[in-house]
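The values are calculated or read from the model by the stated rules, or taken from the named source; none is laboratory data. The structure presented is a predicted model; accordingly, all values stated were derived computationally and were not measured. Positions of Cβ are generated from backbone atoms using ideal geometry, with glycine treated the same way; all protein chains shown enter the neighbour counts.
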Amino acid sequence: MASGCRASEAAGLSEDLLAKIRRIRLLLLDVDGVLTDGGILYFGESLEGKRFHVRDGAGIKLAQHAGLEVGILTGRASEVVARRAEELGISRILQGSLDKAGGVDILLADARYAPGEVGFVGDDVLDLAAMRKVGFRACPADAHDSVRQRADYVCRRPGGQGAVREVIDLLLGVQGKLERIERTYWEGGEDA
């Protein structure tokens, strides 16, 4: 078992998978079906809406605080996604990329990360190309069967309902960072 990881988070994970998780320094996320439940709302001719889970956003901020960079790689382009990325301080973002393998290459072009240091969370067939290029692959519980079969980790939670937070908690837990973060918030305040 990994130092700093709760038993419930690492239960059933092989030593090979734990070693993969320990190497991750960048987590790339698909949007529709991962950060959202996959639904798209249209308001009039040009307005689009998406629903994001607040705990996924909180997890992204905690990951960043712990030194894990988070990026977005999505096949659709949306102002809503750009706004959410800005709110969360995500600067590594590529929208409108139907060639997800090429998208990974673009997002890694600065050579800050080796492919083995990158994780990806996807939910559908289009994401398989990106999953093939990274060191750790995860998906929401409701991902397409072909994605679930190829993922290193299948979340208990569905897309848009905390799956991203689940993956982040797993990564930070295995890397020994989650308990330190929680301790900071628990011990940093005043008692009632």
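Please give the number of the condition Ile21 fails out of (1) buried (at least 22 other Cβ atoms within 10 Å of the Cβ); (2) modelled with pLDDT under 95.
(2)
Based on what the data block shows, is Ser91 over 28 Å from Gly49 (Cβ atoms) and either of a type in the set (Ser, Thr, Tyr) or touching a His at 6+ places or on another chain (Cβ under 6 Å) (or both)?
The answer is no for Ser91.
Considering only region 97-111, I want to know if a residue exists there that is within 22 Å of Val54 (Cα to Cα), without any contact (Cβ under 8 Å) to a residue 24 or more places away in the chain and out of contact with any Asp or Glu (no Cβ under 7 Å at 6 or more places or on another chain).
No: region 97-111 contains no residue that is within 22 Å of Val54 (Cα to Cα), without any contact (Cβ under 8 Å) to a residue 24 or more places away in the chain and out of contact with any Asp or Glu (no Cβ under 7 Å at 6 or more places or on another chain).
Applying the selection to region 146-163, what residues are without any contact (Cβ under 8 Å) to a residue 12 or more places away in the chain and crowded, with 22+ Cβ neighbours inside 10 Å?
none
Take Leu98 and decide whether it is within 11 Å of Lys133 (Cβ to Cβ) and of a type outside the set (Asp, Glu).
So Leu98 fails the test.
Could you check region 147-181 and list, in sequence order, the residues that are among the β-branched types (Val, Ile, Thr), under 11 Å from the mean Cα position of the chain (by Cα) and over 20 Å from Val125 (Cα atoms)?
Result: Ile168, single match.
Rundown of residues vs (1) surrounded by fewer than 22 Cβ atoms within 10 Å (Cβ to Cβ); (2) touching a helix residue (DSSP H, G or I) at 6+ places or on another chain (Cβ under 9 Å); (3) among the aromatic types (Phe, Trp, Tyr); (4) more than 22 Å from Leu18 (Cβ to Cβ), yes/no style:
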{"site": "Ala114", "(1), (2), (3), (4)": "yes, yes, no, no"}
{"site": "His144", "(1), (2), (3), (4)": "yes, yes, no, yes"}
{"site": "Arg165", "(1), (2), (3), (4)": "yes, yes, no, no"}
{"site": "Val174", "(1), (2), (3), (4)": "no, yes, no, no"}
{"site": "Trp186", "(1), (2), (3), (4)": "yes, no, yes, yes"}
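Condition check ((1) modelled with pLDDT of 80 or more; (2) more than 14 Å from Cys155 (Cβ to Cβ); (3) not hydroxyl-bearing (Ser, Thr, Tyr); (4) not in a strand (DSSP E or B)) across all residues:
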{"residue": "Ser3", "(1), (2), (3), (4)": "no, yes, no, yes"}
{"residue": "Leu13", "(1), (2), (3), (4)": "yes, no, yes, yes"}
{"residue": "Asp16", "(1), (2), (3), (4)": "yes, yes, yes, yes"}
{"residue": "Leu27", "(1), (2), (3), (4)": "yes, no, yes, no"}
{"residue": "Gly38", "(1), (2), (3), (4)": "yes, yes, yes, yes"}
{"residue": "Tyr42", "(1), (2), (3), (4)": "yes, yes, no, no"}
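Consider Phe43 carefully, then state whether it is in contact with a strand residue (DSSP E or B) (Cβ under 7 Å, 6 or more places away or on another chain) and either buried (at least 19 other Cβ atoms within 10 Å of the Cβ) or over 17 Å from Leu126 (Cβ atoms) (or both). Give the steps one after another, and end with the answer.
Working: in contact with a strand residue (DSSP E or B) (Cβ under 7 Å, 6 or more places away or on another chain): yes; either buried (at least 19 other Cβ atoms within 10 Å of the Cβ) or over 17 Å from Leu126 (Cβ atoms) (or both): yes.
Taking the combined requirement at face value, the residue satisfies it.
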